[in-house]
Amino acid sequence: MIKFTIVTITYNAERVFMRTAESVMRQEYPGVEHLIIDGASTDGTKGLALEYKKASDAAANGHEVRVVSEPDKGLYDAMNKGLRLATGDYVCFMNAGDFFPDGSVLATICAKAGLDGLGKEGKQLPAVLYGDTDLVDNDGRYIGRRRLTPPEKLTWRSFRHGMLVCHQAFYARADIARRTPYDLRYRHSADVDWCIRVMKEAERMGLPLVNVHATVADYQREGQTTEFHRASLIERFDVMRRHYGLLTTIAMHAWFVVRAVFK
């Protein structure tokens, strides 16, 4: 059975943590490892995480929950810690406040990607599994479909047009993900750079990226990237410049402005 590692990064997330945890616990698929990487929260987050672990263990649903609470150097440092600890075949980041739309998401991903039996047949697993995302507000209420939608055929070049796949809907093969940790020079947009580098490695290895044609995440829109929007945009420009070149990046940003004015 394919094993999914879901990594949840928390820091003083007492208000929204259980929304995420309960959505993982509801997953019918048994092959789940849930890593809670907490940055030494000073509120009740760690206590809730330990209660959740106890409840998940008692449920005997096949899930393994691990809680780590200690100081870190920020969001992406914590994500790298999650990558190092992950033991699953695929890893996905579902941070506090984000959640799965229903209890069948992981089973649906596995079925639609045709993962059952791949290991037994000796075939290599796809490098990335990806799907659609809905946006929710701070209270978990549905806002709408994410404006950028995943293409049928995704490559590392696709992100020239923006981050077409939400970070929470991007399942990277864990062995590849560990070889391409988050670049800590970026404080707000290392996730964009990470996804591109994972996809570049997939191309180098000749491995497919599979669209599962399903909504796989509800993303809380008001997050760190929104709070530090200007800094995030500056970082994203640098990420695109490094991967796609300066002229292409300038041209694409000019198109973004035109599209925003005339939409």
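The values are calculated or read from the model by the stated rules, or taken from the named source; none is laboratory data. In this text, all values refer to a predicted model and were calculated from it rather than measured experimentally. Because the Cβ atoms are built from the backbone with ideal geometry, glycine has one as well, and the counts that use them run over all protein chains shown. Remember, those area values only see protein heavy atoms, side chains included, never the ligands or the DNA or RNA. Shrake-Rupley method; radii C 1.70, N 1.55, O 1.52, S 1.80 Å.
Points to keep in mind about this one:
- Accessible area (Å², per residue) of the chain, counting only protein heavy atoms and a probe of 1.4 Å: 46
- ³J(HN,Hα), Karplus 6.51/-1.76/1.60, whole Hz, each residue of the range 34-39, x for Gly, Pro: 10, 9, 9, 10, 9, x
- The heavy atoms of residue 238 offer some 40 square angstrom of accessible surface to a 1.4 angstrom probe.
- Taking trypsin sites (Lys or Arg not before Pro) across the range 130-202, the ones in a DSSP loop with at most 13 further Cβ atoms lying within 10 angstrom of their Cβ are 141, 147, 153, 185.
- Carbon/sulfur fraction of accessible area - the chain, other protein chains in place, 1.4 Å, %: 54
- Dipole size of the range 171-239 about its Cα centre, with +1 on Lys/Arg Cβ and -1 on Asp/Glu Cβ: approximately 200 debye, rounded to the nearest 20.
- About its Cα centre, the dipole of the chain is roughly 1020 debye, where the only charges are +1 on Lys and Arg Cβ and -1 on Asp and Glu Cβ.
- Assigned charges on the beta-carbon of Lys, Arg, Asp, Glu; the range 27-170 dipole about Cα centre (debye): 600
- Signed unit charges on C-beta, dipole axis of the chain, positive-most listed residue 65, 93, 41: 93
- Each part reduced to its alpha carbon centroid, the range 135-205 and the range 36-67 end up 26 Å apart.
- Taking a Cβ cut-off of under 14 Å around residue 108, the surrounding Lys, Arg, Asp and Glu residues balance to a net charge of -2, with basic ones at +1 and acidic ones at -1.
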